[in-house]
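Take a look at the structure set out below.
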Amino acid sequence: MTSMTAAAPAVLSAARSASAPRVEPLTCSIGAELSGIDLGDAAEDDQLFRVVYEALLRHKVLFLREQSFERMSRQQHVAFARRLGELEDHPMVPSHPDAPGLVQIYKSPDNPPERYENAWHCDGTWRETPPLGCVLRCIECPPVGGDTMWANMALAYEKLPQSVQQEIEGLIASHSFSASFGAAMPQERRLDMKARYPDAEHPVVRTHPETGEKVLFVNAFTTHFVNYHQPRNVRFGQDYNQRGQDLLQYLISQAYVPEYQVRWRWKPFSVAIWDNRSTQHYAVMDYPPCHRKMERAAIVGGKPF
């Protein structure tokens, strides 16, 4: 994938038609709605794809309406996501039989939502290489409820007090599958998954590989700092237990700040595309007992640094 760090244009050049794509910011800090474009076309058109990707780097999450199967088939959904990189398998959720790599996140009154959907998180940080991003389409949703929120974690880092930025410089944190999703599993399955996905260690502040932004990189999967227990931080063991956890919870709570967020109300065939390297998201679970069917392609990322 080619690096694209320039600011996103509001519209394409005049050479395109009057219905050229438009990028309309939704908040001052994160999120934009993209209109006048079908992602099925962007899967094949280099110029259209560039517009989308440049807007994604700038706004961190993009939203589109009315992306029906006629405008983006399941195969085109996969093809568009593959332009960002190789697709990632999910260890617990199956792919659509007609579109390998397109994970079916189907909820119903008989299939309660899994834990940690309604927590601020960055996808897959319990992996050594968390996803680069995701392309999620709503197939069916309740008439009210089931919104999703995203937070700008580059802005969250930028707005930290300078003393906190200095304190967390160089810190590494552990991220766990077994302490989050795995906690609800039978022991045998949990231990099997832990063997497949041992706890991952990532910098507390990562650098976005394309924009160069510093990003606060702790979330609901983060359990503890692995290198906090040093003389500059710890006089006695209780300092690690108390101050280290207090600091971690303070950092995790930065995603909760409304000024860093955007909230999206789903409608059938709406799409969200987000940069998983610089955002967190929260799926609001206020919709049971309604049905909610989403299809997601996650793109393999690199190791955070």
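Before moving on, here are some points about what is shown:
- Residues whose amide H comes within less than 5 Å of that of ALA119, counting only those at least five positions distant or on another chain, are ALA283 (H built at 1.01 Å from N in the peptide plane).
- Between THR279, THR222, THR211, the GNM of the chain built on Cα springs shorter than 10 angstrom shows THR211 fluctuating the most.
- Counting only DSSP H runs of at least 4 residues, each contributing -39500 (n - 2.57), and dividing by the residue count of the chain, the helix-based mean residue ellipticity at 222 nm comes to -5000 deg cm²/dmol.
- Which of ASP123, ASP239 has the fewest Cβ neighbours within 10 Å, and the rest in rising order: ASP239, ASP123
- Cut-off under 5 Å, modelled amide H: who pairs with VAL204 long-range: LEU171, ILE172, ALA173
- The stretch 163-272: GluC sites (Glu not before Pro) in DSSP loop, at most 14 other beta carbons within 10 Å: GLU169
- Whichever lysines have a C-alpha closer than 16 Å to that of LYS293, once near sequence neighbours (fewer than 8 apart) are set aside: LYS107, LYS267
- Between amide H atoms placed 1.01 Å from N, distances below 5 Å from HIS224 occur with SER174, all of them 5 or more places distant or on a separate chain.
- Karplus-derived 3J(HN,Hα) values for the stretch 161-173, using 6.51 cos²θ - 1.76 cosθ + 1.60 with θ = phi - 60°, are x, 4, 5, 6, 4, 5, 5, 9, 4, x, 6, 10, 10 Hz; glycine and proline are entered as x.
- Counting only residues at least eight positions apart within a chain, or on another chain, the lysines with an alpha carbon under 27 Å from that of LYS159 are LYS60, LYS214, LYS303.
Bear in mind that the values in this text are calculations on the coordinates, not laboratory data. Keep in mind the model is a prediction, meaning the values are calculated, not measured. Positions of Cβ are backbone-derived with ideal geometry, glycine not excepted, and every protein chain shown enters the neighbour counts.
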